[in-house]
There are 2 protein chains.
Amino acid sequence: MHILILGAAGMVGRKLLARLAQDGQLGGTAVTRLTLHDVVAPEAPPVRVPVSLSASDFSAPGEAERLVAGRPDVIFHLAAIVSGEAEADFDKGYRINLDGTRQLFDAVRAIGEGYRPRLVFTSSIAVFGAPMPEPIGDEYLTAPLTSYGTQKAIGELLLSDYTRRGIFDGVGIRLPTICVRPGKPNKAASGFFSGIIREPLAGQEAVLPVSDSVRHWHASPRAAVGFLLHAATIDGARLGDRRNLTMPGVAVTVAEQIEALRRIAGDAVVARIRREPDPTIERIVAGWPRAFDARRATELGFTAEPDFETIIRAHIEDELGGRIAA
Amino acid sequence: MHILILGAAGMVGRKLLARLAQDGQLGGTAVTRLTLHDVVAPEAPPVRVPVSLSASDFSAPGEAERLVAGRPDVIFHLAAIVSGEAEADFDKGYRINLDGTRQLFDAVRAIGEGYRPRLVFTSSIAVFGAPMPEPIGDEYLTAPLTSYGTQKAIGELLLSDYTRRGIFDGVGIRLPTICVRPGKPNKAASGFFSGIIREPLAGQEAVLPVSDSVRHWHASPRAAVGFLLHAATIDGARLGDRRNLTMPGVAVTVAEQIEALRRIAGDAVVARIRREPDPTIERIVAGWPRAFDARRATELGFTAEPDFETIIRAHIEDELGGRIAA
């Protein structure tokens, strides 16, 4: 099985790659070739099969065609300009997230000759915008309030139509906010959801810019990899014509996140969270979804953590070697 | 006020134009200039203001820029490859309905300098696809089952995002099936909804290819013009961020359509309807929406006919000079 990953140098891409390298197979079929792409060079994984690495703007003319020329059996399309940047740079967001996605889809179509790969597209809960019910069901309107969410919602529509047309066999997965995101704090408005767990566990102070009552929808990086693998191997016919699924997750308030941290790591760790309200972030976060009823995905076998404690424990195991900074 | 109409030679475009020519104003402001475009040359309306007529493929390079160069205050974007053709010709449908729409939107953006026209976009109930509730509410998922519906749904998403960005002030209206459509029978799968009224009233036989129990969502050409004028003049702020509205209409079964015809025109006219079931059309129609709860549009002042008899009477007045063929 030949696998193509676009966005292979990103956090989720690297986790997916590590898992594929470890398993050596996908859905019971041996991985025989990897084509890895990102805007920066992806790292070569420790595998004994041929690996092609490349770095480019995949929306540039000819790039998508080049990437699919080897007719990968499974394409993971994880590449995207993230929310904040797509909002700040209108042209770049549309060029990569919309045009790039469409060029990839059209490159698959151009091959023809019965080529019909599984194409896994990572969408986002940003396809939803306020006002929203709580929880949001599988039939709720996608009315995004950001250009990023708009571009992802358009990608979903194209994915369904191209699948219906028999061009590829697409599965779109709307990822929850990934928490606990490893690595350094970043400037994303959602960064604090991970920061208030990650930094205290590492012995550092974290800033909480919103109220404890803010509720949000989370899944671990480990769960995200599980979603991707399941999306790559599920029988597409089970999805019918609606190819985009809200992934399961854990709906918790910030207060519940903190209490889970306290139960696992104690008061001294929780004391490293400093409250510093930021009206700008509070306003942005107020427009975000809080909870979903991810019934279709759950019935189709996608699974997330049962609770936020499990999410924290996954972080401690996967990123901290099981150790908490006292 | 300078008005641009794309799709000015189509049925709805011509009705809109006739109404604008008759009124001489829009929302209380005198129409001072008309720019009319279609893929075939639009007819010059009987007005005393400057009219620019042009025929071209508006998705061709530079065309959208040329059309908006005169900075129209109101843009009616009615141009589209219709459902059947967009399904039969993948490239043409995406090129006109998606790329053309986006190029128009980007041409407005390119002007900048505070230019921010009202842009009225005609979408369609084809943005919905089975399974659907009955009626379909304003917050129901747009999950189209045709390329045309996909392209319209994408146009809606772009309309909202470009409006949110301040590029223009967009209002998208999802038209019901227009009934009674004047003119000759066409090959559209939906053609019979009009044909079973239009042909018998004109003394001709009409074929009914589906069961009497089929229910569908209708509005007259006169109502469609009313939607367009209201969409052009409504205070955009009242719509908030969700710029796309399902228009009101009349939900009736074919049996109810026929009974309305019988009440207005009698048994002899109804006897001109010949039942000739067509499994292909029955299958297509089974995937179509049947009824809507168009609450938002109704609250915003959009109005359709109260019942199907009124739709038939509008046709007799507007197209038949008040006369029914005995």
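The values are calculated or read from the model by the stated rules, or taken from the named source; none is laboratory data. It should be emphasised that the depicted structure is a prediction, and the values quoted were computed from it without experimental measurement. Reconstructed Cβ throughout: ideal geometry from the backbone, glycine too, with neighbour counts over all protein chains shown. We work out accessible area using only protein heavy atoms, side chains counted, and drop any ligands, DNA or RNA first. Shrake-Rupley method; radii C 1.70, N 1.55, O 1.52, S 1.80 Å.
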Can you name the condition, by its number, that A:GLU259 falls short on among (1) under 27 Å from A:ALA130 (Cβ atoms); (2) of a type in the set (Asp, Glu); (3) not assigned by TED's automatic domain parsing to the domain that holds A:ALA206? (3)
When you go through (1) charged (D, E, K, R); (2) within 14 Å of chain A (Cβ to nearest Cβ); (3) farther than 23 Å from B:LEU16 by Cβ one by one for B:ARG174, which number turns out not to apply? (3)
Please go through region B:100-140 and give me each residue that is farther than 24 Å from B:GLY287 by Cβ and either in a strand (DSSP E or B) or among the aliphatic types (A, V, I, L, M) (or both), ordered by number. B:LEU104, B:ALA107, B:VAL108, B:ALA110, B:ILE111, B:ARG118, B:LEU119, B:VAL120
If you check every pair at least six apart or on different chains, which have Cβ atoms under 9 Å apart with a residue in region B:254-265 that is without any contact (Cβ under 8 Å) to a residue 40 or more places away in the chain and open to solvent by 40 Å² or more (accessible area, probe 1.4 Å) first and a residue that is of a type in the set (Phe, Trp, Tyr) and in a helix (DSSP H, G or I) second? B:GLU259/B:PHE308
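Is it fair to say B:ALA224 is out of contact with any Phe, Trp or Tyr (no Cβ under 9 Å at 6 or more places or on another chain), open to solvent by less than 10 Å² (accessible area, probe 1.4 Å) and either in a loop (DSSP other than H, G, I, E, B) or of a type in the set (Gly, Ala, Ser) (or both)?
Considered against the rule, which asks whether it is out of contact with any Phe, Trp or Tyr (no Cβ under 9 Å at 6 or more places or on another chain), open to solvent by less than 10 Å² (accessible area, probe 1.4 Å) and either in a loop (DSSP other than H, G, I, E, B) or of a type in the set (Gly, Ala, Ser) (or both), B:ALA224 comes out as yes.
With the requirement that a residue be surrounded by fewer than 24 Cβ atoms within 10 Å (Cβ to Cβ) and either over 18 Å from the mean Cα position of the chain (by Cα) or within 7 Å of chain A (Cβ to nearest Cβ) (or both), what does region B:145-156 give you?
Selection gives B:LEU145 alone.
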Do you know which residues across region A:167-191 are part of a strand (DSSP E or B) and more than 17 Å from A:ALA291 (Cα to Cα)? A:ASP169, A:GLY170, A:VAL171, A:GLY172
Identify, from the list B:GLU199, B:GLU282, the residue that is open to solvent by less than 40 Å² (accessible area, probe 1.4 Å), under 24 Å from the mean Cα position of the chain (by Cα), farther than 30 Å from B:LEU158 by Cα and acidic (Asp, Glu). B:GLU199
For a quick check of your reading of the model, give me the residue pairs whose first member lies in region B:228-243 and is within 22 Å of B:ALA8 (Cβ to Cβ), whose second is assigned to a helix (DSSP H, G or I), with beta-carbon atoms closer than 6 Å and at least 6 apart or on different chains. B:LEU228/B:LEU16
Looking at region A:163-177, which of its residues are in contact with a Ser or Thr (Cβ under 7 Å, 6 or more places away or on another chain) and among the hydrophobic types (A, V, I, L, M, F, W, C)? A:ILE173, A:LEU175
Filter region A:120-139 for residues that are farther than 26 Å from A:GLU87 by Cα and without any contact (Cβ under 8 Å) to a residue 60 or more places away in the chain and give the result. A:GLU139
Checking A:SER194 against (1) more than 14 Å from chain B (Cβ to nearest Cβ); (2) within 18 Å of the chain's Cα centre (by Cα); (3) buried (at least 19 other Cβ atoms within 10 Å of the Cβ); (4) part of a loop (DSSP other than H, G, I, E, B), the condition it does not meet: (4)
Okay, helices (runs of 4 or more DSSP H) sitting entirely in region A:257-326 with 3 or more residues that are closer than 24 Å to A:ALA126 by Cβ, of a type outside the set (S, T, N, Q) and at pLDDT 95 or above, I get A:295-299, A:308-319
Counted residues in region B:285-298 being open to solvent by less than 40 Å² (accessible area, probe 1.4 Å) and touching a strand residue (DSSP E or B) at 6+ places or on another chain (Cβ under 9 Å) come to 6
Which one is nearest to the other protein chains (Cβ to nearest Cβ), of the residues in region A:157-171 that are under 18 Å from the mean Cα position of the chain (by Cα) and over 19 Å from A:TYR94 (Cα atoms)? A:GLY170
State which residue pairs qualify: first residue within 14 Å of B:GLU113 (Cα to Cα) and open to solvent by less than 10 Å² (accessible area, probe 1.4 Å) and inside region B:157-169, second residue of a type in the set (A, V, I, L, M, F, W, C) and outside any strand (DSSP E or B) in any location, beta carbons under 8 Å apart, and separation of 6 or more residues or different chains. B:PHE168/B:PHE105; B:PHE168/B:VAL108
Can you report the number of residues in region A:3-50 which are within 20 Å of A:LEU119 (Cβ to Cβ), of a type in the set (A, V, I, L, M, F, W, C) and either open to solvent by less than 20 Å² (accessible area, probe 1.4 Å) or touching a Ser or Thr at 6+ places or on another chain (Cβ under 9 Å) (or both)? 14
